[in-house]
């Protein structure tokens, strides 16, 4: 069902933007792992509202509580339940738009689907939902790091028309975190920050592109034909709020290339194998090839703008809406840990799946 | 597992490019449906190699046999097994490259994953695998059509640098099928055909973009948070051979738009509701809104080129490869029914899922 | 994975006997249901330790908190998260047996499986785990009751050698609850109570049989071939702590019958159809037939006895163990709501599955 | 969905008693296994109708064809599709009962569920369906044998009132196969054979009990809480046609035992651990403990009797039915390979699941 993801590293999330809180139940985490709660909290803090001048000013400490599955600091192999309470929900700001469908929000579609809706916020469609998957993803990162040395780094590569064009092989976590926009290119980061503030000044919003690289992913992950690695990564990304596009490797730019340009020639390297280029983004035939896994995600501008808009009310009559409340002018900076978490959940699941089919599984060496 | 897709309309496929054949087991098809086998064969014929001067000349009749689940022309509610035999497999053409990894193919990754590989063709990574999902998708199309009046049309919108830019609201099935490139814009189609032939003349290949529209999709389909409609569509598309990108609605182009430009204003229409624009591509918050569902898929150039390329052999030594055999210079024309089938499987599954949670489910009227 | 059950009414549980608490995430509950929290609490109270002189004296209020999925008293269609905190855990009583494997407990098998174990209690193998499924089952009961009028009643039919042999058609909830043993036959109940107290006096334990009837189950539930209704009920029952046997209808007693004795003749009844006998227990070919669904579950004697026993320590050396702590001498009285909850989860899941395949689904009339 | 079983060793079956044939798609079989087709055929031959004077005289060679997933005798890791054609279907014998519901068959429930039914035989409810799972189970047996040395033996322990009471530790495959009843106790076997023939002479049928032992099952298999090993075994058994009961270890007989009698004391054995008795049937807390896994399955008498019976027609009117056709007077002898196959599928799935969570997994030594 729709709130569960993963076959072996299997995560179920719950919670709405307004209500008791948000949480995740993580099944399949290998037993005996020393779980570092600070690493979970670190990613929650990176996702947290109010962390910088660029984000919504809703104040949520987003402190995570571990309810089960851990004993004396180690994972037991039983489900790990994580809970984050809501603290700064403000239903009153939604009161005026209670009977109106906010354009390009999930209000109308939620009503169409369920026949009922928690109008005190975005409910399950709120970006607040991602608290749960970021927390769960932080566990997946630890498993990936411990078992295979995998490192995942995402960054804001584009905001509006400003593109940093960073080289995935060069981007470092520290450079990303050094900027409140989470763009590792200092010059671009300043322009993006400027743009976001301008847009916010007009009560408007803006979209962008996040790129992500996963390094040291062992060759052999991905389960053809339907659960190809790209397919699962793509699903994870398109399940993020406001995501509208995904591409792997050269993606849409591969369209204009000839096969002779796009093909990644193999070459020997110190007893292992690498590809000379990485247009495939580390995935061939839906299976990782040991090169860095590289992909991009397009995010549309946030739907909540502080301008009057035409809409209809819940009775179907024409109306005008002008939302209030606290919202991000650009979701990109806070979406970076969401993208990383989504990638971690997919890769961790496939790592465990690969162990199941080949107990003797030794990853072919990955490229340093 | 990786060869099964869908929760309620659940399809399992099997088969390699060289071997006994390809097939699908379709579970969850509602009972009592008059199954039109000609419609299954029609889509297989549209996917078939050798159908035009633009495709590989492998000769496969791809005749489908129904092994179970149908009685006196009607579905029983039990699994429907479909079988298509391989007839024109030619292992000999793979003999010279048996010990070489073809660049940007799945040879190396398959070996890395399984430690074994059917070198007599692409195995499970071959586009021949899609026979099974196209056949299963043709059943899904019938269910969607019977139960909700849904119509799905895909077309080739871009080959290389040539873009047709067709309007999703205008494209008709007949126009698409009138062209061997499957581009409904006659002028663009001719240029694409020309380009593909040129590229083939050089032993090279070229990529492109397929767009798809699903009309009359009832509002309410999609299962937040992980099984949002876009997420499942995206996964289905990225599981197609050679697919490297997906976008929904404005997709990557939404990045440069302001929220005030991108938001789709609601307006009343004859007792129902529609949006004035459809930048969201018929999906908001991961749930269909009754507008046409529109998305695009990027396909890279086919990896098999008839030019010498650097690679390594299965022992890791540098080598040169020059494939032989019969391959498409451009996968796009034959990928059109694959995209439609993938979309049909996802939409049909979500239609059934929606019925389960709301037995009283009456689709809000969709836009004509 | 092992802590999730159900396809459409899908429940994930978490929590150990000693730790933060126990909980469940319920997915797929139809939206718009008026959720009666008192009914959840009622079943938790019936399962609660310390409820009578026959049970363990661990004191747990087992108050349930609803964290999500409900708004203004109604279900939203999003996941319903339920949390029950542990309050009276007593790790100290486990200290002396920390390095010993308790016979017929899960200590040794847990170590074998996970390589780690929370020795402060039974962990995930503790009957305390069933808090979560009883709470989730109480929601399933409400769905079944609202949507189909299904009523589920279980009772203690046998303790040791004392068998009540109650008629499933006659047993009422009130009669069951009138007895602390939960046996509706007053005479048998008194003997059972006596027996349990005697056994406890010797530091020993005793097993028994619970029977269960589900009335007004519509014909058509169950999904051949692997998810036959009996198969899923059986799995649900054998997943309960201490359960070692399951039978449907006549079960093991059918073995000595001829087909001519066992077959249930059909007969017309007021425009509907019933069977003259119900040896099949309401299920034929794995699908409900509209008659009462009747089955039995065998529970072994509780493994914790207060007598010295031979065992080994965690290093594999011979040792003697004499557990302390608070335990039930007979699990049967408290297992009644567990059996009902397990049945409710299975039936509710299949009710929703049936709605998915037949939107026009009208249950054939059930027998009054 | 109902025709798929298993999480990692995942089997989907299809086919009806009358139609193109029966088949299975096996996903998750580890790659590189030398697949012995003769072992698949051997189990199909043991299940085959017409194999002895005790069974139905329908003539089916049940020759299995492997359609995919195997190359040069080895498994590829891709889905293995198996197909067995129907050859001796005889729809005409069902013509007279086309509009009648056969008592204790699935005719009425199938109509209730699907609103349509293949009246030319039992459809999906026919025991013929088990061809597919026996074939798939034969692959699981090979995986279990290769990877863990597991051996599975089932036998007929009871027919009607005749019980052999064989010791699970002593029963050998050869002794079982030496008898057409498949009871390894020669004296009991003769009486059972006699009884079955007598019953058949009267146009009647009789039930019985099959016991099964799995030896050398490594400790650690089973996934609490819902997928306990007993739970999954129980589900597998209750999904067999005519199965009405399951018990693990002492099962229903544990009910009359005290904890002090039932508990299995641990003792050291040559550096490993064993239990002195095996009342638990090799499973504690839902996880295997290294001792032989022992369970029993009750089968009701076959529903098809050649005597007149009261029933109703498909319009609900009272009627009399007297079936014709070819049917077994006792399903037990042919059900032996079905029970073994079901057990193999469950154990193989859990073996793979255990590998996923513990890559370093080394089975604790099992008892010789």
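Given (1) more than 20 Å from residue A:341 (Cα to Cα); (2) touching a strand residue (DSSP E or B) at 6+ places or on another chain (Cβ under 8 Å); (3) within 7 Å of chain B (Cβ to nearest Cβ), identify the lone condition not met by residue A:284.
(2)
Kindly provide the set of residues from region A:90-103 that are within 26 Å of the chain's Cα centre (by Cα) and surrounded by 20 or more Cβ atoms within 10 Å (Cβ to Cβ), ordered by number.
A:102, A:103
Give the residues of region A:322-342 that are touching a helix residue (DSSP H, G or I) at 6+ places or on another chain (Cβ under 6 Å) and more than 27 Å from residue A:100 (Cβ to Cβ), sorted by residue number.
Hits for region A:322-342 are A:337, A:338, A:341, A:342.
I need a count of the residues in region B:68-83 that are under 24 Å from the mean Cα position of the chain (by Cα) and at the interface with chain D (Cβ under 7 Å from one of its Cβ atoms).
Of the residues in that region, 2 qualify.
List pairs: first residue in region B:315-337 and at the interface with chain A (Cβ under 10 Å from one of its Cβ atoms), second residue in a helix (DSSP H, G or I) and crowded, with 24+ Cβ neighbours inside 10 Å anywhere in the structure, Cβ distance under 6 angstrom, at least six positions apart or on different chains.
That search, which allows pairs on different chains as well, returns B:329/B:196; B:330/B:196.
What residue, of B:320, B:314, is modelled with pLDDT of 95 or more and over 18 Å from residue A:249 (Cβ atoms)?
Working: B:314 fails: modelled with pLDDT of 95 or more.
That would be B:320, the only listed residue that is modelled with pLDDT of 95 or more and over 18 Å from residue A:249 (Cβ atoms).
May I ask you to list the residues in region B:84-127 that are in contact with a strand residue (DSSP E or B) (Cβ under 7 Å, 6 or more places away or on another chain) and on the phi > 0 side of the Ramachandran plot?
Scanning region B:84-127 gives a single hit, B:104.
In region B:18-47, how many residues are surrounded by fewer than 24 Cβ atoms within 10 Å (Cβ to Cβ), touching a residue at least 60 places away in the same chain (Cβ under 8 Å) and part of a loop (DSSP other than H, G, I, E, B)?
So the count comes out to 6.
If a residue must be part of a loop (DSSP other than H, G, I, E, B) and touching a helix residue (DSSP H, G or I) at 6+ places or on another chain (Cβ under 6 Å), how many such residues does region A:265-301 contain? Break it down into steps so the answer makes sense when it comes.
Going residue by residue through region A:265-301, those that are part of a loop (DSSP other than H, G, I, E, B) are A:265, A:270-271, A:276-282, A:285-286, A:289-292, A:300-301.
Still in the list and also touching a helix residue (DSSP H, G or I) at 6+ places or on another chain (Cβ under 6 Å): A:279, A:285-286, A:289, A:300-301.
Of the residues in region A:265-301, 6 are part of a loop (DSSP other than H, G, I, E, B) and touching a helix residue (DSSP H, G or I) at 6+ places or on another chain (Cβ under 6 Å).
For region D:49-67, which positions are out of contact with any helix residue (DSSP H, G or I) (no Cβ under 8 Å at 6 or more places or on another chain) and in a strand (DSSP E or B)?
Result: D:65, single match.
If we keep just the residues of region A:110-132 that are in a helix (DSSP H, G or I), touching a helix residue (DSSP H, G or I) at 6+ places or on another chain (Cβ under 7 Å) and more than 8 Å from chain B (Cβ to nearest Cβ), which is surrounded by the fewest Cβ atoms within 10 Å (Cβ to Cβ)?
Here the residue is A:130.
Pull up region D:265-274, narrow it to residues that are surrounded by fewer than 24 Cβ atoms within 10 Å (Cβ to Cβ) and at pLDDT 95 or above, then point me to the one that is farthest from the other protein chains (Cβ to nearest Cβ).
D:274
In the list D:138, D:106, which residue meets the criterion of being under 24 Å from residue D:349 (Cβ atoms), touching a helix residue (DSSP H, G or I) at 6+ places or on another chain (Cβ under 6 Å) and buried (at least 24 other Cβ atoms within 10 Å of the Cβ)?
Criteria check complete, one pass: D:138.
Quickly run through region C:209-238 and pick out the residues that are more than 7 Å from chain D (Cβ to nearest Cβ) and assigned to a loop (DSSP other than H, G, I, E, B).
Hits for region C:209-238 are C:216, C:217, C:218, C:221, C:222.
Quick one: how many residues across region B:177-202 are assigned to a helix (DSSP H, G or I), buried (at least 22 other Cβ atoms within 10 Å of the Cβ) and more than 14 Å from chain A (Cβ to nearest Cβ)? Lay out the reasoning, then the answer.
Quick first cut of region B:177-202, residues assigned to a helix (DSSP H, G or I) only: B:177, B:186-201.
Pick out the ones that are also buried (at least 22 other Cβ atoms within 10 Å of the Cβ) and you get B:189, B:192, B:196, B:199.
Restricting the remaining residues to those that are more than 14 Å from chain A (Cβ to nearest Cβ) gives B:189.
Counting residues in region B:177-202 that are assigned to a helix (DSSP H, G or I), buried (at least 22 other Cβ atoms within 10 Å of the Cβ) and more than 14 Å from chain A (Cβ to nearest Cβ) gives 1.
Taking residue D:241, is it in contact with a strand residue (DSSP E or B) (Cβ under 7 Å, 6 or more places away or on another chain) and in a loop (DSSP other than H, G, I, E, B)?
Judged against the criteria, residue D:241 is not a match.
Give the residues of region B:244-264 that are surrounded by fewer than 24 Cβ atoms within 10 Å (Cβ to Cβ) and in a strand (DSSP E or B), sorted by residue number.
Hit for region B:244-264 is B:258, nothing else.
For every residue, the table says whether it meets (1) farther than 30 Å from residue C:272 by Cβ; (2) at pLDDT 95 or above.
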site	(1), (2)
C:146	no, no
C:152	no, yes
C:164	yes, yes
C:168	no, yes
C:193	yes, yes
C:204	yes, yes
C:209	yes, yes
C:216	no, yes
C:237	no, yes
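The values are calculated or read from the model by the stated rules, or taken from the named source; none is laboratory data. Note that the structure is predicted; figures quoted are calculated from it, not measured. Methodologically, a virtual Cβ is constructed for each residue, glycine included, from the backbone with ideal geometry; neighbour enumeration extends over all protein chains shown.
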